[in-house]
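Engineer: Let me give you the structure first, and then I'll get to my questions.
The values are calculated or read from the model by the stated rules, or taken from the named source; none is laboratory data. Keep in mind the model is a prediction, meaning the values are calculated, not measured. Cβ atoms come from the backbone with ideal geometry, glycine included; neighbour counts cover every protein chain shown.
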Amino acid sequence: MKFKYLVTCATCALLLAGCGGGGKPSPKTIDVTGVTLNETSKELDIGDSFQLVATVAPEDATNKNVTWSASGDGIVSVDDGLVTALKAGESTVTVTTESGNKTASCVFTVKEALVPEDIKFSGEGDKAPDTWVYWNDQNWCGSTVSVSEHTKLGNKVTFTYTVDAGQCDWGFQVFYKNSQLNEGASYRLTAKVNSKVAVGDGLLKINGTYVTLAAGDNDIAVKYVEGGAAASSFQFVANTTIAASNTFVISDWAWEGILDIPGGVEVDVDKGTISFVPVDGAASYLVKYYDESKAYLDSESVAATGASLTKLASLADGNYYLSVTAVSSLDAKYDSIESSLVLFKVGGGTIVPAGGPKTNIAFGEEANLPLDKFVYWAGRWDWNVGGQVNIAEGDAYTEEGLLHIHYTAEGSCAFGLQIFYKNSELKVGTTYTVSFKMKVAVAGDYGFLAADSLKTIPADTWTEVSYEYGEASGAASLKVLAATTIANDNTIEMKDFAWVAKA
């Protein structure tokens, strides 16, 4: 029995030795299945850096080591995923896993470092297209303003001015003309404006609209009508009483076309119809509906003005907005451009937008008049005309046969406000008598067609005006001249226009 026991123990010892002395089995290897990067393409300026982050899958892979490489001849360098731009060009940075040789890449485009461009001094009428310019008063309107910084860097322009002496209402101005825009078309201009100093009411105008700014970043949006070659697509006019010194940074400027249906839009809820002056050659019109908060609701297509609106029947009583978009018009600038929103009311019969159908009057010059449209010309200090006329957005318009212009004036400018109209139905070389009624807020001597044909117009009274003239090519069929010496705050209204050929 003793011998048998010893043999059994020896056998057990051999078996244990064969099992590795009781140790654990070797761990299982988890292979890499792929790798991704946090970016697949990136733009850098020379000298900039960007950190690429590689994510190896699966998360519990046994070996997650990677190596980095960059194509190209020294365009970028890469160190543990940190990419540094060295010179202009394109380079592909690739990460490769040690296990499984899996790869992922990011294409880097390196741009030349931006060099600040100097912005030149210029009057608004003398600027070149697609070029920023600035104007500062040099004791032409009562102040001396110096501009120490006037640069463009990419899509950002920066101006720093100091008022050295005196004060001028609009002593610092910036202009830009976008050659891609269409004269006479309506646009919404948006931009970011950073002001070192807060700008209060009545101290800054952008495209004729008064704008207030907080100190720091501001998003602005103004609506305007694009003028002729001498007018600006971005007109920034600052009152130097804002501060003795200030810095403006303008960036991210953009223009969006807006379709303003001439004569406005009228919705007859009882009849379920929409009326407006059509756009030339439009195949149809898309009408969009919005609720009172201007959230989109629905849309429908109509063939022409006076068409039925089938969607009106589904609207509950309340206030709504709609817009009109011309489709496939002869003037392609109107295609896919949505009109301003028009307010109407369901449950109240015929609705006309507040103020009635209205068309804004644009800035223009007699040498380049549109047909059958009123335009106005307003003098500016920087044109060396001795004064300036200011017309805010919405203060110059025609409405159901009535012309209305409200203006404020500075200085002493002979005929600083001029109103023109070219009648396409008249015959060149024929003598006509033009007549109309005119009412002004401030009495004074106003000129008609020529500066030497003056007539005293009393205040707040409709006055008959008529004069004889010869219709000429390239000249106005009607002209009204107002001197800024009449008043620094005035309103002119005109109606009942007629032309009769001389027998």
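Engineer: Can you find a residue in the stretch 212-234 that is among the acidic types (Asp, Glu) and more than 27 Å from the chain's Cα centre (by Cα)?
Structural biologist: Taking the stretch 212-234 first, the residues among the acidic types (Asp, Glu) are 217, 219, 226.
If we keep only those that are more than 27 Å from the chain's Cα centre (by Cα) as well, we get none.
No: the stretch 212-234 contains no residue that is among the acidic types (Asp, Glu) and more than 27 Å from the chain's Cα centre (by Cα).
Engineer: So, of the residues in the stretch 468-484 that are in a strand (DSSP E or B) and not acidic (Asp, Glu), which turns out to be farthest from TYR407 (Cα to Cα)?
Structural biologist: The extreme case among them is GLY470.
Engineer: Which residues, taken from the stretch 399-418, are in a loop (DSSP other than H, G, I, E, B) and not hydroxyl-bearing (Ser, Thr, Tyr)?
Structural biologist: Quick first cut of the stretch 399-418, residues in a loop (DSSP other than H, G, I, E, B) only: 400-401, 412-416.
GLU400, GLY401, CYS413, ALA414, PHE415, GLY416 - these are the residues of the stretch 399-418 that are in a loop (DSSP other than H, G, I, E, B) and not hydroxyl-bearing (Ser, Thr, Tyr).
Engineer: Would you mind stating whether LEU426 is part of a strand (DSSP E or B) and aliphatic (A, V, I, L, M)?
Structural biologist: Details: part of a strand (DSSP E or B): no; aliphatic (A, V, I, L, M): yes.
It is false that LEU426 is part of a strand (DSSP E or B) and aliphatic (A, V, I, L, M).
Engineer: Mind counting the residues in the stretch 301-331 that are acidic (Asp, Glu) and either in a helix (DSSP H, G or I) or touching a Leu at 6+ places or on another chain (Cβ under 7 Å) (or both)?
Structural biologist: Residues meeting the conditions: 0.
Engineer: Considering the stretch 426-458 alone, what residues qualify as being in contact (Cβ under 8 Å) with a residue 24 or more places away in the chain and charged (D, E, K, R)?
Structural biologist: The answer is LYS427, LYS437, LYS439, ASP445.
Engineer: Can you name every residue in the stretch 151-183 that is surrounded by 16 or more Cβ atoms within 10 Å (Cβ to Cβ), more than 23 Å from GLY227 (Cβ to Cβ) and modelled with pLDDT under 85?
Structural biologist: Answer for the stretch 151-183, where residues must be surrounded by 16 or more Cβ atoms within 10 Å (Cβ to Cβ), more than 23 Å from GLY227 (Cβ to Cβ) and modelled with pLDDT under 85: just CYS168.
Engineer: Further, regarding this structure: Can you tell me how many residues within the stretch 452-467 are under 21 Å from VAL500 (Cα atoms) and among the small types (Gly, Ala, Ser)?
Structural biologist: Counting residues in the stretch 452-467 that are under 21 Å from VAL500 (Cα atoms) and among the small types (Gly, Ala, Ser) gives 2.
Engineer: Mind counting the residues in the stretch 464-479 that are surrounded by 19 or more Cβ atoms within 10 Å (Cβ to Cβ) and under 18 Å from ASN368 (Cβ atoms)?
Structural biologist: 5
Engineer: Could you tell me whether GLY411 is over 21 Å from GLY364 (Cα atoms), crowded, with 17+ Cβ neighbours inside 10 Å and in contact with a Phe, Trp or Tyr (Cβ under 9 Å, 6 or more places away or on another chain)?
Structural biologist: Answer is yes for this residue.
Engineer: Given the residues VAL211, VAL222, VAL147, which is the only one that is surrounded by 15 or more Cβ atoms within 10 Å (Cβ to Cβ) and in contact (Cβ under 8 Å) with a residue 40 or more places away in the chain?
Structural biologist: Within the list VAL211, VAL222, VAL147, the selection yields VAL222.
Engineer: Looking at (1) under 25 Å from ALA392 (Cβ atoms); (2) exposed (fewer than 13 other Cβ atoms within 10 Å of the Cβ), which is the one condition that is false for ILE486?
Structural biologist: Tallying (1) under 25 Å from ALA392 (Cβ atoms); (2) exposed (fewer than 13 other Cβ atoms within 10 Å of the Cβ), ILE486 fails exactly one: (2).
Engineer: Follow-up. Counting only residues that are closer than 20 Å to TYR290 by Cβ and either modelled with pLDDT of 80 or more or acidic (Asp, Glu) (or both), how many does the stretch 314-343 have?
Structural biologist: Total satisfying the criteria: 15.
The rows are residues; the columns are (1) within 32 Å of the chain's Cα centre (by Cα); (2) outside any strand (DSSP E or B); (3) charged (D, E, K, R); (4) at pLDDT below 90.
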{"position": "ALA392", "(1), (2), (3), (4)": "yes, yes, no, yes"}
{"position": "ALA451", "(1), (2), (3), (4)": "no, no, no, yes"}
{"position": "LYS455", "(1), (2), (3), (4)": "no, no, yes, yes"}
{"position": "SER466", "(1), (2), (3), (4)": "no, no, no, yes"}
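Engineer: Scan the stretch 470-497 and report the pairs whose first residue is over 16 Å from GLN418 (Cβ atoms) and whose second residue is of a type in the set (Gly, Ala, Ser) and in a strand (DSSP E or B), with Cβ atoms within less than 6 Å and a gap of 6+ or a chain change.
Structural biologist: What qualifies is ASN488/ALA409.
Engineer: Hey, among PHE448, PHE420, which residue is under 24 Å from LEU371 (Cα atoms) and touching a helix residue (DSSP H, G or I) at 6+ places or on another chain (Cβ under 7 Å)?
Structural biologist: PHE420
Engineer: Let me ask something else about it. Among the candidates GLY444, GLY416, GLY429, which residue alone is farther than 17 Å from TYR467 by Cα and over 36 Å from the mean Cα position of the chain (by Cα)?
Structural biologist: That would be GLY444, the only listed residue that is farther than 17 Å from TYR467 by Cα and over 36 Å from the mean Cα position of the chain (by Cα).
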